[in-house]
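I have placed the structure first, in the form of structure tokens, so that the comments after it can refer back to it.
The values are calculated or read from the model by the stated rules, or taken from the named source; none is laboratory data. Bear in mind the structure is a predicted one, so any value in this text is a computation, not a measurement. Because the Cβ atoms are built from the backbone with ideal geometry, glycine has one as well, and the counts that use them run over all protein chains shown. Just the protein is used for accessible areas: all its heavy atoms, side chains included, with ligands, DNA and RNA removed. Shrake-Rupley method; radii C 1.70, N 1.55, O 1.52, S 1.80 Å.
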Amino acid sequence: MNVTRGFAGRPRVRNDGLPPGQYDARDDWPVLSAEVTPELAASEWTFTVDGLVAEERTWTWDEAHALPPSAYEGDIHCVTSWSKFGVRFAGVSLDAFLDLARPAAEATHAVAYSHTGYTTNLPLADLTGGRAWIVWEYGDEPLPAEHGGPARLIVPHLYFWKSAKWIAGIRLLDHDEPGFWEQNGYHHRGDPWEEQRYSGD
Amino acid sequence: MSDAPAGPAPATRFAVPGRIAVSNRAAGTWQRATLTEIRRETPHAATFRFAVPAWAGHLPGQHLMLRLRAEDGYVAQRHYSIASPPDDEGHVELTLDHVDGGEVSGWFHTVAKPGDEVELRGPLSGFFAWPGDRPALLIGAGSGVVPLMSMIRHHRARNLTVPLRLLVSARGPEELIYASEYGAETTTVFTRSAPEGVAVGRVAAAHVARLLADPPEGGWEAYVCGSNGFAEHASRLLVAAGQPVDRIRIERFG
Ligand SMILES: Cc1cc2nc3c(=O)[nH]c(=O)nc-3n(C[C@H](O)[C@H](O)[C@H](O)COP(=O)(O)OP(=O)(O)OC[C@H]3O[C@@H](n4cnc5c(N)ncnc54)[C@H](O)[C@@H]3O)c2cc1C
């Protein structure tokens, strides 16, 4: 690509935590959902693991909170180019839910779906091994509705559209099945370090 | 709401997830774009017209990604909605607010001149696209009116008869982007200052009720665009006025 005449950009701060093409949004936390923020009370919220599992399970708010607590502390990266450093989300590791539902041997992929109908697809391997959480706290506060409260999925090693807000469930499949943004031209996996923004990247 | 969905994929309330299929090839390729014209819209916004010879075409409502490169290889990239209608072949127009301290919009507003080259990829996202088929209600604030203007221009250029209504909010008349282009389809709302005899205030339930009045057969498809704060406010008003949530499409500028 050619140099843009007269473009200097902001003073560079070397930041090894910043994936290619991303910038540090600092205190900003942009909201980029394409849907209306739902009015979903914690008492109405449920989380289900279904599809290729030994036992389909659904947890209520209280039942989910009875599982062992787990938190993510680190960075998040949005496909629209902002990253946010040193955030803290608290909830339960997705492993705790999956262990109880027991994925079938042939399960290779998953679709995460929201109470709004939003969907996103992920390889099952990206959801296991302490890399994904169901969270209800941001900082030490309840997760705000516009950021996915009462509870959302977070998969922080992938672009944040994979971290479905208002999470309703995870369905395990033996094949990949594109979700909402993936059907709209976005990458199937979305690894920020590989800069997998759009299909074909 | 958590009914166990039947098929292999969970049932979704986005009955039509995208309005169109998106070309992955167009979305994946960076193209050179030459700035050909700059038009001032308001004290804080200007329209930038580009020649993009290999542009694959777009639908009203879509956006693109734009990037600038510094001498040392540093690249800044941002999303921008497309303001121009699809029939403006080989060209796209963007309208940018001058954001205080903004890296990319700052370059456009203080350095850019005709002849400069930048790079684009797109069009992106079929979700907010409007092919000109369904009756549509458009609500935008500030530069959020940009993708909606592409719809209005398309409607005019093609003499479409499908109902289209726009509610546009600006701080005041001098901040209203595309002020000379609005017609009978448009209602303006001024939040800080207004001409003599015109009310000042934010978009309210009464505006939305009027917008939704006399629904066409099959109802309206609603498109909301602007800052997150505005999008939350306007989409809540739409839901309260009875617009189904699965027929509200929101583009948030962050
Ligand atoms: C789908 C979509 C469509 C859009 N369409 C339009 C459109 O049609 N028109 C339009 O005007 N905008 C549009 N936007 C917004 C646009 O993408 C940019 O966010 C906007 O132009 C600001 O970019 P910038 O580089 O000028 O500002 P930035 O440099 O990104 O700055 C934005 C703000 O953050 C602060 N900031 C950010 N990073 C730093 C940093 N490292 N250090 C210090 N401060 C920082 C700045 O001071 C400023 O207040 C759209 C956004 C999306 C997601």
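Could you please let me know if B:LEU96 is part of a strand (DSSP E or B) and not assigned by TED's automatic domain parsing to the domain that holds B:SER180? Judged against the criteria, B:LEU96 is a match.
Would you call B:THR161 out of contact with any strand residue (DSSP E or B) (no Cβ under 7 Å at 6 or more places or on another chain), open to solvent by 20 Å² or more (accessible area, probe 1.4 Å), in the same structural domain as B:ALA241 (by TED's automatic domain parsing) and at negative phi? It would help to see each step written out before you state the result.
Working: out of contact with any strand residue (DSSP E or B) (no Cβ under 7 Å at 6 or more places or on another chain): yes; open to solvent by 20 Å² or more (accessible area, probe 1.4 Å): yes; in the same structural domain as B:ALA241 (by TED's automatic domain parsing): yes; at negative phi: yes.
When the stated conditions are applied, B:THR161 passes them.
Residues that are open to solvent by less than 40 Å² (accessible area, probe 1.4 Å) and either of a type in the set (Val, Ile, Thr) or free of Cβ contacts under 8 Å to residues at least 24 places away in the same chain (or both) within the stretch A:20-33 comprise just one, A:VAL31.
Only residues that are assigned to a loop (DSSP other than H, G, I, E, B), out of contact with any helix residue (DSSP H, G or I) (no Cβ under 6 Å at 6 or more places or on another chain) and more than 16 Å from the ligand (Cβ to nearest atom): list them for the stretch A:15-67, please. Talk me through it step by step, then tell me what you get.
Going through the stretch A:15-67, the residues assigned to a loop (DSSP other than H, G, I, E, B) turn out to be A:15-22, A:25-45, A:52, A:54-56, A:66-67.
Still in the list and also out of contact with any helix residue (DSSP H, G or I) (no Cβ under 6 Å at 6 or more places or on another chain): A:15-18, A:20-22, A:25-30, A:32-35, A:38-41, A:43-44, A:52, A:54, A:56, A:66.
Of everything in the stretch A:15-67, those that are assigned to a loop (DSSP other than H, G, I, E, B), out of contact with any helix residue (DSSP H, G or I) (no Cβ under 6 Å at 6 or more places or on another chain) and more than 16 Å from the ligand (Cβ to nearest atom) turn out to be A:PRO38, A:GLU39, A:LEU40, A:ALA41, A:SER43, A:GLU44, A:LEU52, A:ALA54, A:GLU56, A:ALA66.
Mind listing just one residue for me: the one in the stretch B:217-234 that is more than 15 Å from the chain's Cα centre (by Cα) and open to solvent by less than 30 Å² (accessible area, probe 1.4 Å) and, of those, nearest to the other protein chains (Cβ to nearest Cβ)? Spell out how you get there, then give the answer.
Initially, the stretch B:217-234 is screened for residues more than 15 Å from the chain's Cα centre (by Cα), giving B:217-220, B:229, B:232-233.
Next cut, open to solvent by less than 30 Å² (accessible area, probe 1.4 Å) only: B:219-220, B:232.
Numbers: B:GLY219: 16, B:TRP220: 14, B:GLU232: 6 Å.
Here the answer is B:GLU232.
The C-beta contact set for the stretch B:89-116 (first residue within 9 Å of another protein chain (Cβ to nearest Cβ), second residue among the small types (Gly, Ala, Ser) and within 12 Å of the ligand (Cβ to nearest atom), distance under 6 angstrom, 6+ apart or interchain) comprises B:GLU103/A:GLY9; B:GLU103/B:ALA76; B:VAL104/B:ALA76. Of all residue pairs spaced 6 or more apart or on separate chains, those with beta-carbon atoms under 6 Å, a first member in the stretch A:3-19 that is in contact (Cβ under 8 Å) with a residue 60 or more places away in the chain and a second member that is away from the ligand (no atom under 13 Å from the Cβ) and open to solvent by 60 Å² or more (accessible area, probe 1.4 Å) are A:PRO19/A:TRP193.
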